[in-house]
Each structure stands twice: as C-alpha cells, then as structure tokens.
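A.B. asks: Have a look at this one.
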Amino acid sequence: MRIDAHVHGMDAVRDAEGRLQQPITSSWKTGAITPEERINEHKKRGIDRVVQLDPANVCAETKKLFGDFVIPVPMVRMHLTSPEEIDRILSDGAGGIKFIAPAYSYGDNRYLPLYEVINDHQALAVFHTGFLAHNFFDPGCALGGLDVVDITHMRAAALDRISRALPSLKMLIAHFGNPWWEECWKMIASLKNVYADFSGGTAITRSMKMWKDIFCPNGKLDANAVSKLCFGSDVDYFLPENCFGYTRYIEFYQRFFDELNVPRELQDKVNSENILRLTTKK
Ligand SMILES: [Zn+2]
C-alpha cells in the first residue's frame, strides 16, 4: 500500500510573460481515458491513493471524478483566507489545509488563528518549505500573494514556533525544507507531531550519502526520524495523457530504504500509514 502525500492536478493559462493566470482549473480533460482507467494505471504502478494539494475548487472537481482515490488537502491563499473559510473547507470533508507563499513567516502570530481551526478539527497542516518555483505565486500571477515571494518565510524552523503554540497540531513539511535539510531533520526528530517528505524536484537529486549522514549517522539508524517521513512526489496524477512522473520517487524511497536498511514496519509507515493517520480526523 502506497499513498502519495503530495500531488497536483491543476492547470492555468500563461500570459505573454509566461506567468500563470486565473482561472485555475483541473488538469483532467474528459476524453480518451476514464477516471477508473487512470486510477488503474496508477495502482498498477504502486500508487493506491493520493493527497491533492490544489485550490479547493480544483480539489472538489477532481474528488467528484476520482472518489476515494483522492484525499483533498486544499491550498489556501494566506492573505485572503480566514478561520471561517478553513472551518468550512474542513467541514466539507478535506483532510487538511496546504499553506504556501506567506507574506510573513509561517510562525507569525497573525497566522495562528488559522492553525487553531485545523487543530480543533484534528486535521493536517501541510507547509510548502524552501525554494518556490517562479511564475505562480509572485504578485500578478494566478496565486500571487501580498508581496514578492520570500522563501525564508517558508523555513522548516518556523514550525518550531507553531508547535510550541499548538503542540498537538499535525504538521507536514513538504520538500524537506529545500535547501535547509539539516533544519528539517531537527524539526521532525524533535517535534512529536511534525512530519516531512522528499517531494519536489531537489531532495531526490541530493546524494544518498547526504541522506545517510542525516538519517543514519555513523551507521546507526535514526529510527525515530525515519518514522516521521511520508512518501511524496509533487507530480500531476490527472493528466489525460500517460505520464507517471512519480516512478522515480518510488525508486528513490526504495533506494533510501535499502541503503539504510530500514525495517519493513518503518517502510509501511512512510509509504502509507503516516499520511493516512495524519489526514484522518477524529
Ligand atoms: Zn507541490
């Protein structure tokens, strides 16, 4: 059983400068292949379910077509949302909320009321961390925020403050803090309800030697830190054409398990059990 904790399925048009513009729609196009056939293609390749992190309207559209295959964790725009909107999204069945491109650090006081609602629902807060691609979140782009993006507002270390304020809040660090790897390790190793994934373009291209150093220092497996990982890719699962970009992430995680001799029960946590528990509300 494997659940991808970080996937997309959205599309937007580009303007003359290459910036993505509204409206943001689902990348799925009704046509040659049915949703059931698409799901079967993914299952054949080892993916049983996915966590979709797109705007609420896009997640809802996909969920309607793909049913149980999709666990929606909608992305909100931090300067436009409110505790009421978050409460509504979670009451509508989402497993959590995705945060990205804040105007202030994730740990800033003004965001705490948003996290409190997620905590009350016992849902998951997913945080994009580190480097962010251009053309989507800068002012004037489809999901542009208040100001020019500052990736230091999205450091894994900011979750330390959130965790001190809300120790029971379940949090997932997407992209392992890229490029602040060591910092992300410290957060998952020391904070009980904080987890992380290797999704995105960079973590899986770093050397296995580096990951071994972080998770198996001097040959001794840091089982506690490994037990806080989730499988995640950051690819689109809902394209009409055959496109299975997550296979290299499956290979990377397997290589990580093999080279660090990760016991089977820990592998199961990383592959599916953690994210299932994190997105299940009481
Ligand atoms: Zn993503």
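The values are calculated or read from the model by the stated rules, or taken from the named source; none is laboratory data. The structure displayed is predicted, hence computed values, not measured ones. Cβ coordinates were reconstructed from backbone atoms using ideal geometry, including for glycine residues, and neighbour counts include every protein chain displayed.
A.B. asks: Of the residues Ile275, Ile173, only one is at pLDDT 95 or above, surrounded by 14 or more Cβ atoms within 10 Å (Cβ to Cβ), in a helix (DSSP H, G or I) and among the aliphatic types (A, V, I, L, M); which? Give the derivation first.
C.D. replies: Details: Ile173 fails: in a helix (DSSP H, G or I).
None of the others qualify; the one that does is Ile275.
A.B. asks: May I ask you to list pairs of residues, at least six apart or on different chains, whose Cβ atoms are under 6 Å apart, with the first in the stretch 46-64 being in contact (Cβ under 8 Å) with a residue 40 or more places away in the chain and among the hydrophobic types (A, V, I, L, M, F, W, C) and the second being more than 16 Å from the ligand (Cβ to nearest atom) and in a loop (DSSP other than H, G, I, E, B)?
C.D. replies: Ile47/Arg2
A.B. asks: With Asp87, Asp138, Asp120 as the choices, which residue is at pLDDT below 95 and charged (D, E, K, R)?
C.D. replies: One residue alone meets the criteria, Asp138.
A.B. asks: Go through the stretch 229-270 and report how many residues are charged (D, E, K, R), within 20 Å of the chain's Cα centre (by Cα) and surrounded by 14 or more Cβ atoms within 10 Å (Cβ to Cβ). Working first, answer last.
C.D. replies: Keep residues of the stretch 229-270 that are charged (D, E, K, R), which gives 234, 236, 241, 248, 251, 255, 258-259, 264-265, 268-269.
From the residues that got through so far, the ones that are within 20 Å of the chain's Cα centre (by Cα) too are 234, 236, 248, 251, 268-269.
When the remaining residues are screened for being surrounded by 14 or more Cβ atoms within 10 Å (Cβ to Cβ), the result is 234, 236, 269.
So the count comes out to 3.
A.B. asks: Which one is farthest from the ligand (Cβ to nearest atom) among residues in the stretch 128-169 that are assigned to a helix (DSSP H, G or I) and either of a type in the set (D, E, K, R) or closer than 17 Å to Pro55 by Cβ (or both)?
C.D. replies: If we filter the stretch 128-169 for residues that are assigned to a helix (DSSP H, G or I), which is where we start, we get 151-154, 158-165.
Subsequent filtering for residues that are either of a type in the set (D, E, K, R) or closer than 17 Å to Pro55 by Cβ (or both) retains 160-161, 164.
On the way: Asp160: 22, Arg161: 23, Arg164: 27 Å.
Among those that are assigned to a helix (DSSP H, G or I) and either of a type in the set (D, E, K, R) or closer than 17 Å to Pro55 by Cβ (or both), it is Arg164.
A.B. asks: Still on this structure, please answer the following. Somewhere in the stretch 177-195, is a residue among the small types (Gly, Ala, Ser), within 16 Å of the ligand (Cβ to nearest atom) and surrounded by fewer than 20 Cβ atoms within 10 Å (Cβ to Cβ)?
C.D. replies: No: zero hits.
A.B. asks: Show the residue pairs meeting these rules: Cβ distance below 6 Å; 6+ apart or different chains; first residue within the stretch 160-187 and within 20 Å of Tyr249 (Cβ to Cβ) and touching a residue at least 40 places away in the same chain (Cβ under 8 Å); second residue of a type outside the set (Gly, Ala, Ser) and surrounded by fewer than 24 Cβ atoms within 10 Å (Cβ to Cβ).
C.D. replies: Correct list of pairs: Gly177/Glu183; Asn178/Phe131; Asn178/Thr202; Trp185/Ile214.
A.B. asks: Can you name the residue in the stretch 99-127 that is part of a helix (DSSP H, G or I) and within 18 Å of the chain's Cα centre (by Cα) and is also farthest from Ala5 (Cα to Cα) among such residues?
C.D. replies: Keep residues of the stretch 99-127 that are part of a helix (DSSP H, G or I), which gives 109-121.
Right, trim to within 18 Å of the chain's Cα centre (by Cα) and you get 114-115, 118-119.
On the way: Leu114: 21, Tyr115: 19, Ile118: 18, Asn119: 19 Å.
Per the stated criteria, the residue is Leu114.
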